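Input: a single structure, listed below in structure tokens.
The values are calculated or read from the model by the stated rules, or taken from the named source; none is laboratory data. Note that this is a predicted model, so its numbers are computed, not measured. Note: ideal-geometry Cβ built from the backbone for every residue, glycine included; neighbour counts use all protein chains shown. Only protein heavy atoms, including side chains, enter the accessible area calculation; ligands, DNA and RNA are left aside. Shrake-Rupley method; radii C 1.70, N 1.55, O 1.52, S 1.80 Å.
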Amino acid sequence: MPADADAERPEEATVRDAVSAPDAEGRPRRTTRRFPLFTRDTARPEGGGRAASGDAPAPARQWPVLSVICLVGLGLLLTALDVFRYGTLLIGVALLAGAGLRWVVPDVGMLAVRSRFTDIATYGVLGLAIVLLAMMAQPNPLLEIPFLKDTLHFTVSQ
């Protein structure tokens, strides 16, 4: 067959190796489990859809993340106005509320960053740590953990 006959034929999908298959447009596509060299797209996290219908305005579609951001902003404002304990408590409670929303609400919009488990664990651990630290802040702590004082004295005195 002459070379001119190959030029007239439409381009056929060629399979490069045993693990590639043609995509919807007929080009070979790798179906291997190896990561690609360059990432071209990212998958939306589970639950990352709109929290309200598409015809709702943008703030209504993102109400979960906006509520958490507003609570954190109010906590930062209280902290700046020298109400440290209540401001930091509010920041921790906002993160705990974000963990609760991520657990209960199926679609939380931009509050979904990673997988549901990772988001809940991250928001929950950080929120709980901030709440506990705010409750233990001096002077007049609301929460006293006895072994922490002994641990501090032991590490400093040695």
(request) Take the Cα atoms of region 70-109, find their three principal axes, and give me the spread along each one in whole Å, biggest first. (result) 37, 15, 6
(request) May I ask for the Kirkwood hydrodynamic radius of region 68-135, worked out over all distinct Cα pairs and given in angstroms to one decimal? (result) 12.0
(request) Go through THR79, THR155 and list them by solvent-accessible area, largest first, probe radius 1.4 Å. (result) THR155, THR79
(message) Which order do you get for MET110, MET135 if you rank them by accessible area with a 1.4 Å probe, largest at the top?
(response) MET110, MET135
(message) Along the Cα→Cβ direction, 7 angstrom out, place labels at ASP150 and LEU132. What is the inter-label distance in nm?
(response) 1.7
